[in-house]
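Enquirer: Below is a structure I'd like to ask you about.
The values are calculated or read from the model by the stated rules, or taken from the named source; none is laboratory data. These numbers come from a predicted model, not from an experiment. Here the Cβ positions follow ideal geometry from the backbone for every residue, glycine too, while neighbour counts run over all protein chains shown. Keep in mind that these areas ignore ligands, DNA and RNA; they rest on the heavy atoms of the full protein, side chains included. Shrake-Rupley method; radii C 1.70, N 1.55, O 1.52, S 1.80 Å.
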Amino acid sequence: MTIRTRFAPSPTGFIHLGNLRSALYPWAFAQHHQGQFILRIEDTDQARSSLESVEVILEGLHWLGLDPDEGPIYQMQRLDRYQAVIQELLNAGLAYRCYMSELELNSLRDEQVANKEKPRYNGLWRPEPGKILPEHPVGVSPVIRFKNPLGGSVAWQDAVKGLIEISNEELDDLVIARSDGTPTYNFCVVVDDLDMQITHVIRGDDHVNNTPRQINIMRALGGTPPVYAHLPTVLNELGEKMSKRNGAMSVRDYQKAGYLPEAILNYLARLGWAHGDAEVFTKEQFVAWFELAHLGRSPAQHNPEKLLWLNHHYIQQADLTRLAELVRSFAEERGIDVHRGPNFEQVVGLLKDRASTLIEIADGAKLFYAPAPQHSAAQIAAHIPPTIKPALSDLRHAIEGCEASKEAYAAAIKAILAQHQIKMPVLAMPLRYALFATTQTPAIDAVMAIMGRKACIERLDRALGESS
Ligand code: GLU
């Protein structure tokens with residue numbers, strides 16, 4: 001049997017980490033078993049679906065490297081197929097037309113609520129042997145309902161939640177086509193899962209309630225239900241269900257905030273699944289280790305600090321050329337012209353050590369590409385004490401003569417400190433100010449090596465009022 005899984009998002013505008021996990025796990029499961037992962041776009045809710053949102057989904061999956069083996073398949077392009085299956089069910093007596101109007105349905109519901117009963121359709125139009133149905137009312141377009149089995153129960157062994165059994169008495173006859181003929185959500189899912197030969201449905205547990213209905217329809221169509229694995233929800237850091245309304249970030253937001261896809265992937269993998277106590281692993285390891293049996297049973301909680309920590313980790317691991325390329329676009333967005341200044345890869349290589357996001361690196365890079373400072377006399381007086389000028393001047397001459405490397409500059413600085421009997425900060429702060437008009441920079445020897453001897457000397461000369 002070929003394992004076939006799917007991700008079936010509704011393109012209604014937003015895709016947060018919890019949603020993405022419903023793509024990652026089926027993807028990993030299919031990969032693990034050399035199966036296929038299918039992307040199905042559930043766009044039958046035309047009022048809420050948008051092309052823009054489809055784009056976000058495709059882009060997000062691509063960014064994370066979760067491209068489907070098949071699809072995207074759009075439900076709106078399969079309407080004829082759903083109609084044909086509805087007709088099959090009608091012909092087989094497994095579905096029927098129901099002429100109950102909205103008004104009647106509402107009053108039925110009110111009555112049931114008043115009697116403290118669970119609101120449900122009462123089967124008025126359900127054909128049964130020997131039953132006389134009411135006269136068709138004029139001017140009412142019927143909906144089509146599925147004839148849910150009357151007795152017994154629906155049971156499935158959920159790969160996450162264990163055995164779930166629902167009595168058929170709990171389920172009324174589901175509307176599978178609205179009065180305008182459009183098929184309904186649960187019905188389309190069933191037809192698709194069957195047609196696409198899905199073997200494992202791995203999805204959020206907000207769909208548990210739909211599952212018994214879907215299984216009944218599937219069986220009526222002669223299909224064998226897939227294995228279901230319902231993932232517990234993802235909670236935000238406050239323990240609330242993650243959603244756009246309470247500030248969840250979309251996949252695009254993470255990209256824009258300077259996260260690496262491999263960090264998000266590693267993070268998501270652990271959000272409801274574990275392999276021993278492994279926290280950091282490659283995509284390949286994840287695929288090799290992924291088992292449904294190791295899915296968590298309780299809700300996972302989003303931990304932004306952990307994600308940041310993983311991002312820091314993957315920034316350190318990333319190939320420097322790739323990292324620089326990724327940071328470049330953030331730098332350009334910040335108005336940095338990476339061609340006017342030192343080698344960008346070297347700058348990124350220096351700044352990455354302390355960075356947790358690509359944005360932090362891009363922000364740090366500003367220092368290297370800003371124009372040479374034009375200090376006023378007052379600024380010089382405030383930041384470069386006259387007593388320290390001789391040491392700075394000696395340093396300027398030392399670097400002119402030494403090898404142009406971080407190590408050589410470090411040695412030159414050390415020698416000047418000893419010669420002038422001063423401590424590092426006493427020299428480093430005015431030095432930083434002279435070079436960059438700020439006292440905040442990474443290790444000054446490394447910064448100077450990247451800036452290059454010429455730029456350092458020019459800047460020092462200007463600050464010291466010397467010309468060489
Ligand atoms: N379209 C559904 C959703 O976005 C998923 C349906 C399913 O996985 O069965 O929640």
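Enquirer: Can you run the Rg to Rh ratio on the stretch 196-338? Use alpha carbon positions and the Kirkwood inverse-distance Rh.
Expert: 1.07
Enquirer: Per DSSP H run of n ≥ 4, the term is -39500 (n - 2.57); total these for the chain, divide by its residue number, and report the mean residue ellipticity at 222 nm rounded to 500 deg cm²/dmol.
Expert: One gets -14000 deg cm²/dmol as the mean residue ellipticity at 222 nm.
Enquirer: Given Cβ point charges of +1 (Lys, Arg) and -1 (Asp, Glu) and nothing else, what value in debye, to the nearest 20, does the dipole of the stretch 36-172 about its Cα centre take?
Expert: Taking the Cα centre of the stretch 36-172 as origin, the dipole is about 580 debye.
Enquirer: If I fit a long axis through the Cα atoms of helix 211-220 and take the longest principal axis of the Cα atoms of the chain, what angle between them do I get, 0 to 90°, rounded to 10?
Expert: 50
Enquirer: Name the residues whose placed amide hydrogens come within less than 5 Å of the amide hydrogen of TYR228, ignoring near sequence neighbours (fewer than 5 apart) on the same chain.
Expert: Amide H neighbours of TYR228: ALA159, VAL201.
Enquirer: A follow-up question, please. Ignoring everything but the protein chains, give the 1.4 Å probe accessible area of HIS383 in square angstrom, nearest 10.
Expert: 80
Enquirer: In a Debye calculation with equal point scatterers on the alpha-carbon sites of the chain and no solvent, what is log10 I(q)/I(0) at q = 0.05, 0.08, 0.13, 0.14 Å⁻¹?
Expert: Taking Cα atoms of the chain as identical point scatterers yields -0.33, -0.65, -1.16, -1.26.
Enquirer: Could I ask something else about it? With a sphere of radius 12 Å drawn around the Cβ of LYS306, what net charge do the other residues whose Cβ falls strictly inside it have (Lys, Arg +1; Asp, Glu -1)?
Expert: Spelling it out: positives minus negatives among the neighbours equals -2.
Enquirer: What are the ³J(HN,Hα) values, in whole Hz, obtained from phi via the Karplus relation 6.51 cos²θ - 1.76 cosθ + 1.60 with θ = phi - 60°, for each residue of the stretch 164-175 in sequence order, with x given for Gly and Pro?
Expert: Along the stretch 164-175, the couplings run 10, 10, 10, 6, 4, 4, 6, 10, 8, 7, 5, 6 Hz.
Enquirer: Now for a separate question. Quick one: pull the percent of accessible area on the chain belonging to carbon and sulfur, 1.4 Å probe, ligands and nucleic acids left out.
Expert: 51
Enquirer: Can I ask one more? Principal axis lengths of the stretch 405-468 from Cα atoms, whole Å, largest first?
Expert: 25, 24, 23
Enquirer: Follow-up question, since we're still on this one. What relative contact order, as a whole-number percentage, does the stretch 241-340 give when Cα pairs under 8 Å and 6 or more residues apart are counted?
Expert: Relative contact order, the stretch 241-340: 27 percent.
Enquirer: Continuing with the same structure: Each residue of the stretch 60-68 in turn: what ³J(HN,Hα) in whole Hz from Karplus with 6.51, -1.76, 1.60 and θ = phi - 60°, glycine and Pro shown as x?
Expert: x, 5, 5, 4, 7, x, 10, 4, x
Enquirer: Work out the length of the dipole vector of the chain about its Cα centre, built from +1 on the beta-carbon of each Lys and Arg and -1 on the beta-carbon of each Asp and Glu, and round it to the nearest 20 debye.
Expert: For the chain, the charge dipole is close to 900 debye.
Enquirer: Continuing with the same structure: Just the number please: accessible area per residue for the chain, 1.4 Å probe, all protein chains included, in Å².
Expert: Roughly 48 Å² per residue, with all protein chains present.
Enquirer: May I pose another question? Please say if the stretch 339-468 is rounded, prolate or oblate, where rounded means a/c under 1.5 for a ≥ b ≥ c the square roots of the C-alpha gyration tensor eigenvalues, and otherwise the choice is prolate for a/b larger than b/c and oblate otherwise?
Expert: Prolate shape, in that a/c is at least 1.5 and a/b is the bigger ratio.
Enquirer: Right, here's the next one. Any lysines with Cα under 27 Å of the LYS423 Cα? List them, leaving off those in the same chain fewer than 8 positions away.
Expert: Filter leaves LYS389, LYS406, LYS414, LYS454.
Enquirer: Tell me, what does the Kirkwood hydrodynamic radius of the stretch 1-112 come to in angstroms if you use every pair of distinct C-alpha atoms?
Expert: 16.6
Enquirer: Given the options GLY151, GLN285, MET196, identify the residue whose Cα lies farthest towards the positive end of the charge dipole of the chain (+1 on Cβ of Lys, Arg; -1 on Cβ of Asp, Glu).
Expert: Of the options given, the answer is GLN285.
Enquirer: Using the Karplus curve 6.51 cos²θ - 1.76 cosθ + 1.60 with θ = phi - 60°, what ³J(HN,Hα) values do you get for each residue of the stretch 279-287, in whole Hz, with x for Gly and Pro?
Expert: Those phi angles translate into 10, 10, 8, 7, 4, 5, 5, 4, 4 Hz.
Enquirer: As I understand it, the value is the acute angle between the Cα axis of helix 17-32 and the longest principal axis of the Cα atoms of the chain; what does it come to in degrees, rounded to 10?
Expert: Helix 17-32 sits roughly 80 degrees off the main axis of the chain.
Enquirer: Also: Compute the acute angle (0 to 90°) between the alpha-carbon long axis of helix 185-195 and the principal axis of greatest extent of the alpha-carbon atoms of the chain; round to the nearest 10°.
Expert: Approximately 90 degrees, to the nearest 10.
Enquirer: On to the next question. Heavy atoms of the protein only, probe of 1.4 Å, neighbouring chains included. What is the accessible area of ARG81 in Å², nearest 10?
Expert: Only protein atoms counted, so the area is about 90 Å².
Enquirer: With both bridge residues required to lie in the chain, what share of the DSSP beta bridges run antiparallel, to the nearest 5%?
Expert: Around 50 percent antiparallel, to the nearest 5.
Enquirer: Please label the shape of the stretch 62-149 as rounded, prolate or oblate, based on the square roots a ≥ b ≥ c of the eigenvalues of the alpha-carbon gyration tensor (a/c under 1.5 means rounded; beyond that, a/b larger than b/c means prolate, else oblate).
Expert: It is prolate, given that a/c is not under 1.5 and a/b is the larger ratio.
Enquirer: Classify the stretch 283-330: rounded, prolate or oblate, from the alpha-carbon gyration tensor (a ≥ b ≥ c, eigenvalue square roots; a/c under 1.5 rounded; otherwise prolate if a/b is larger than b/c)?
Expert: oblate
Enquirer: Mind listing the long-range amide H neighbours of SER10? Cut-off is under 5 Å, sequence gap 5 or more, other chains count too, H placed in the peptide plane at 1.01 Å from N.
Expert: Correct list: GLU42.
Enquirer: Can you give me the Cα centroid spacing of the stretch 74-102 and the stretch 199-270 in angstrom?
Expert: 28
Enquirer: In the stretch 141-213, what trypsin sites (Lys or Arg not before Pro) fall in a loop by DSSP, with at most 14 other Cβ atoms inside 10 Å?
Expert: Of the trypsin sites (Lys or Arg not before Pro), the ones in loops of the stretch 141-213 whose Cβ has at most 14 other Cβ atoms within 10 Å are ARG178.
Enquirer: Evaluated at 25 °C with a viscosity of 0.890 mPa s, what Stokes-Einstein diffusion coefficient in µm²/s does the stretch 92-235 have when Rh comes from the Kirkwood expression over alpha-carbon pairs?
Expert: Taking Rh from Cα pairs, D becomes 147 µm²/s.
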